Amino acid sequence: GYRVVGTNLDYFKYYKFRGGQTLSLATGRTFQGLYEVVIGSDVASKLKYQVGDKIILSHGSDDVSFQEHAETPFTIVGIIQRTHTPVDQSLHVSLESIEAIHIGWESGAPTTGQKPNDSQLKVTQITALLMGLKARTAVFNIKRDIDNSEDEPLTAVLPGVVFTELWKNLSFIENILKILSLMVFVSSLISLLLVLLSSLNERRRELAILRSLGAGAKTLFLLLLTESLLLTILGLLAGVLLHFLAILALKPVLEAHFGLVLNFELLSLAELKLIGFMLTIAIFVGLWPSITAYRKTVSDGLTPQV
């Protein structure tokens, strides 16, 4: 159920992930000869493999094996430190090992008794290579040169561009989430308005007493406006706190099961602007009950209502 990658030792030297980190081994060493394999951390943990165990590579799909290379078992010589990338779910052997296990398989089935020799282990073709550029500005020129090459039928793929196109295709999901967030925000504002308006009727006597003690209408206006603003600030602070707590809680789960990395960063400028916009809207929402309290008179609050 795991992919086998034929590569060379440069893979462990130059392969970078998550901000320039290089691969390292949790235990053991890299492959040095034929029939040696270095496995990812997920392969080791889920299948209970350790350094020194013998495994058999096979052709198949997922966990179904169609043809096995039982005549050439491999020895696990190293386990890669967890990276939370597809490397964790891969097995790595040398390019020569891929050639060796297929000697005698030219007809599609193994020929028993045939052993590879050095002349048969020349690597003449590969399916893919990873290339990094020192000058990033040349990336599109290099891509064009590779795609237009007449020597080999090559295709250059820029992972960053591919992922950008993927996110564009999935942008409708993000838009749906934004619409849902907007609906939640509007419903929260309506709830805030209803709470403040309903509390005014219950606080008539309280407001009237404040007026009778010398509090002006302007003071009551600012009191209700400040109350709505404080409720909004507390709601925003609770939302931001839950946001960071959710990242802390989901970060190890998403990394372990999906290889997704959530970066713990402070609020961006765009998010701070959004918070400022919410506070501004909350002030306008609080104007209605504040103006209502401003117009209340002392007699209105002290007169019993039946």
Subset tally (residues that are open to solvent by less than 30 Å² (accessible area, probe 1.4 Å) and closer than 19 Å to Ser97 by Cα) for the range 37-51: 4
Hits in the range 70-82 - residues which are buried (at least 20 other Cβ atoms within 10 Å of the Cβ) and assigned to a loop (DSSP other than H, G, I, E, B): none
Which listed residue is without any contact (Cβ under 8 Å) to a residue 24 or more places away in the chain, farther than 30 Å from Asn263 by Cα and touching a strand residue (DSSP E or B) at 6+ places or on another chain (Cβ under 9 Å), from Lys48, Lys54: Lys54
Unique match (being in contact with a helix residue (DSSP H, G or I) (Cβ under 6 Å, 6 or more places away or on another chain), of a type outside the set (Val, Ile, Thr) and open to solvent by less than 50 Å² (accessible area, probe 1.4 Å)) among Leu34, Leu23, Leu57: Leu23
Some residue of the range 11-23 being of a type in the set (Ser, Thr, Tyr) and more than 30 Å from Lys122 (Cα to Cα): no
The range 128-158, residues that are in a loop (DSSP other than H, G, I, E, B), out of contact with any Phe, Trp or Tyr (no Cβ under 9 Å at 6 or more places or on another chain) and either modelled with pLDDT of 90 or more or over 20 Å from Phe12 (Cα atoms) (or both): Ala128, Ala135, Asn148, Ser149, Glu150, Asp151, Glu152, Pro153, Leu154, Thr155, Ala156, Val157
Odd one out for Thr124 among (1) open to solvent by 60 Å² or more (accessible area, probe 1.4 Å); (2) at pLDDT 85 or above: (2)
Single residue of the range 159-194 satisfying the filter (in contact (Cβ under 8 Å) with a residue 24 or more places away in the chain and either part of a loop (DSSP other than H, G, I, E, B) or hydrophobic (A, V, I, L, M, F, W, C) (or both)) that is nearest to Val139 (Cα to Cα): Phe185
Residues of the range 244-281 classified as among the β-branched types (Val, Ile, Thr), within 24 Å of Phe17 (Cβ to Cβ) and either outside any loop (DSSP other than H, G, I, E, B) or open to solvent by 60 Å² or more (accessible area, probe 1.4 Å) (or both), total: 2
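The values are calculated or read from the model by the stated rules, or taken from the named source; none is laboratory data. Please read these numbers as outputs of a predicted model, since none were measured by experiment. Glycine gets a Cβ as well: all are built from the backbone with ideal geometry, and neighbour counts include every protein chain shown. The accessibility values were calculated without ligands, DNA or RNA, using every heavy atom of the protein model including side chains. Shrake-Rupley method; radii C 1.70, N 1.55, O 1.52, S 1.80 Å.
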